[in-house]
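Below: the structure, in structure tokens.
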Amino acid sequence: MFRPVAQIPLDYSVFKDKNSVFAWAPSGAILFGNGCVARTGQELKRLGVSRVVVVSDQGLVKAGIVQKVLDALEQAGVTYQLYDQCEADPSVETVEAIAALAKDADLLVGVGGGSSIDPAKAAAILVTNGGSIRDYQGCDKFSKAPLPLVAIPTAAGTGTETTPFAVITDRQRAWKMPIGGTGIMPALVIADPELTYSLPPHITAATGMDALTHAIEAYTSRCTEPISDALAIQAIKLLAKAIRPAVFRGDIDRDARYDMMMGSMLAGYAFTSASLGISHCMAHPLGAMYHVPHGVGNAICLPVVMEFNMGAWPERYADIAPFFGEDVSGLSVLDGARKGVECVYRLVEDLPIQPLEHWGVTLQSLDQLADEAMKGGDRPNNARMTTKEDFIRLYTKALTLKKQG
Ligand SMILES: [Fe+2]
């Protein structure tokens with residue numbers, strides 16, 4: 001079985017403190033709201049677009065979600081071609097196939113999560129710059145502006161619709177390539193919470209925990225700044241309140257779905273600036289080596305990492321419990337921080353997140369996992385410094401977390 005074994009760090013962040021300068025480069029536009037996907041065609045017409053390639057996968061075709069986009073394009077008279085063969089861990093070959101289809105297109109429309117939007121971002125580079133996508137590994141390695149991209153997320157989680165990054169798997173080298181640059185920020189995000197109504201509870205839980213991890217890691221990283229803080233705080237509040245109802249009655253709770261979609265998007269913008277932490281460093285090799293879904297890996301690692309981190313920045317961690325609606329008055333700063341960690345442990349226990357054992361992770365694999373986590377691009381951004389021995393202890397603790405399936 002193919003197993004990517006490593007990622008190289010993408011150096012897109014600059015350490016930020018009150019003596020440093022930070023920059024913001026948000027996406028072009030956001031259209032947000034229930035039913036707004038029906039306006040996709042008219043929005044593209046308004047942009048002067050007439051030929052597009054829609055990028056998605058078979059699951060979203062079967063769920064009828066892609067058809068909603070295609071109907072909107074047809075009603076507005078926008079000509080389209082559909083690429084619906086995206087896979088998990090999108091490959092170099094997928095990017096090449098999308099780019100070949102899009103060589104005469106005005107714009108790409110990515111419908112889905114990272115498995116659709118990431119290869120669309122990468123193909124957008126290839127269409128205008130040529131060559132192999134391997135040439136553009138790293139940050140800002142392309143010279144010509146990529147084809148514009150519209151991102152339509154179908155789950156509240158990855159936040160890829162808000163970021164200038166894509167991860168493409170190179171099967172020849174068993175390698176996950178980070179590709180980044182402000183040119184691949186979507187020109188337009190169309191975020192329609194209705195597209196998430198039919199997601200099953202375990203997917204809502206995993207993707208929602210990925211979003212919450214983005215928000216908490218962005219709020220506690222070494223790269224925080226005032227704008228990302230504002231976004232991360234609001235994201236944590238929305239996600240903390242909405243995630244249980246979205247998981248347990250997501251078929252009827254429109255408000256919870258709305259708040260999850262908004263929280264996920266805000267968290268995406270927050271971490272684009274503030275970066276992430278070591279929960280993501282730990283989740284990536286779990287995905288690469290054991291196919292643990294990204295959100296599941298983060299759900300299990302996040303509380304363990306928060307507990308490890310909180311002593312490095314207790315004032316910041318003490319903010320978190322009140323975002324969950326908990327009262328910390330009368331507590332010391334450290335006890336307040338501990339209460340925030342407990343909120344996240346309880347949340348993960350409540351949700352249908354399967355334990356690492358379920359995915360075949362064993363104590364014997366911890367050494368290799370820790371080696372891979374040490375290579376994580378966000379390790380320098382984490383609140384607390386880490387060693388390989390720390391990662392072994394953290395993975396060991398994560399393995400002992402038993403969750404109902
Ligand atoms: Fe993530």
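The values are calculated or read from the model by the stated rules, or taken from the named source; none is laboratory data. The shown structure was predicted, so the numbers you read here are calculated from the model rather than taken from an experiment. Cβ atoms come from the backbone with ideal geometry, glycine included; neighbour counts cover every protein chain shown. Please note that ligands, DNA and RNA were not included when accessible areas were found on the heavy atoms of the full protein model with its side chains. Shrake-Rupley method; radii C 1.70, N 1.55, O 1.52, S 1.80 Å.
Structure notes:
- Nearest-ten-degree value, helix 278-290 long axis tilted from longest Cα axis of the chain: 60
- For the peptides 283-295, 373-385, residues were scored by their other Cβ atoms within 10 Å and the scores averaged per peptide; the highest-first order is 283-295, 373-385.
- Sequence ranges 323-331, 72-80, ranked by mean other-Cβ count within 10 angstrom, highest first: 72-80, 323-331
- Counting 0.36 nm for each residue step from Ile252 to Lys388 and taking away their Cα separation leaves a gain of 44.5 nm.
- Among beta bridges from DSSP that stay inside the chain, the antiparallel ones total about 20%.
- Cα gyration tensor shape for the stretch 306-405, rounded if a/c is under 1.5, else prolate or oblate: oblate
- Extents of the chain, largest first, come to 61, 46, 45 Å (Cα atoms, principal axes, whole angstrom).
- Sequence-separation-based contact order of the stretch 199-400, relative, with Cα cut under 8 Å and 6+ spacing, percent: 27
- Electrostatic dipole magnitude of the stretch 199-400 [Cβ: Lys, Arg +1; Asp, Glu -1; Cα centre; debye, to 20]: 80
- Qualifying aspartates and glutamates (Cα of each under 17 Å from Cα of Lys62; at least 8 residues distant if same chain): Asp71, Asp84, Glu87, Glu194
- Positive-end ranking of Leu101, Ile125, Leu147 along the dipole of the stretch 101-150, with charges on Cβ about the Cα centre, is headed by Ile125.
- Förster radius 25 Å - calculated FRET efficiency between Ala174 and Ala88, Cβ distance, rounded to 0.05: 0.95
- Accessible-area value, Arg254, 1.4 Å probe, nucleic acids and ligands omitted, Å²: 110
- Computed [θ] at 222 nm, deg cm²/dmol, the chain (DSSP H ≥ 4; -39,500 (n - 2.57); rounded to nearest 500): -15000 deg cm²/dmol
- Taking the longest Cα principal axis of the chain as reference, the axis of helix 65-76 is set at about 40 degrees.
- Exposure ranking of Ile392, Ile252 by accessible area [1.4 Å probe, largest first]: Ile252, Ile392
- Legend: residue pairs Lys68/Lys103; Lys176/Lys241; Lys141/Lys388; Lys45/Lys144; Lys241/Lys339, Cα-Cα distance threshold 27 Å; pairs beyond threshold, Lys176/Lys241; Lys141/Lys388.
- Measuring nothing but protein heavy atoms, the accessible surface of the chain at 1.4 Å probe radius is 54 percent carbon and sulfur.
- Zone residues, the stretch 45-87, relative to His291, backbone N less than 15 Å from point 7 Å out along Cα-to-Cβ: 87
- Sorting 131-143, 190-202, 154-166, 302-314 by their mean Cβ neighbour count within 10 Å, with the most densely packed peptide first, gives 154-166, 302-314, 190-202, 131-143.
- Summing charges over all other residues whose Cβ lies under 11 Å from the Cβ of Ile98, with Lys and Arg as +1 and Asp and Glu as -1, gives -2.
- Along the axis of the charge dipole computed for the chain (Cβ charges of +1 for Lys and Arg, -1 for Asp and Glu, origin at the Cα centre), the listed residues Met209, Phe22, Gly157 are led at the positive end by Phe22.
- With contacts taken as Cα pairs under 8 Å and at least 6 residues apart, the stretch 28-195 reaches a relative contact order of 27 percent.
- Taking the C-alpha atoms only, the angle from helix 388-400 to the longest principal axis of the chain is near 90 degrees.
- Measuring nothing but how far apart in sequence close Cα pairs (under 8 Å, 6+ apart) lie, relative to its length, the chain scores a relative contact order of 17 percent.
- Cβ charges +1 (Lys, Arg) and -1 (Asp, Glu), total dipole of the chain, debye: 220
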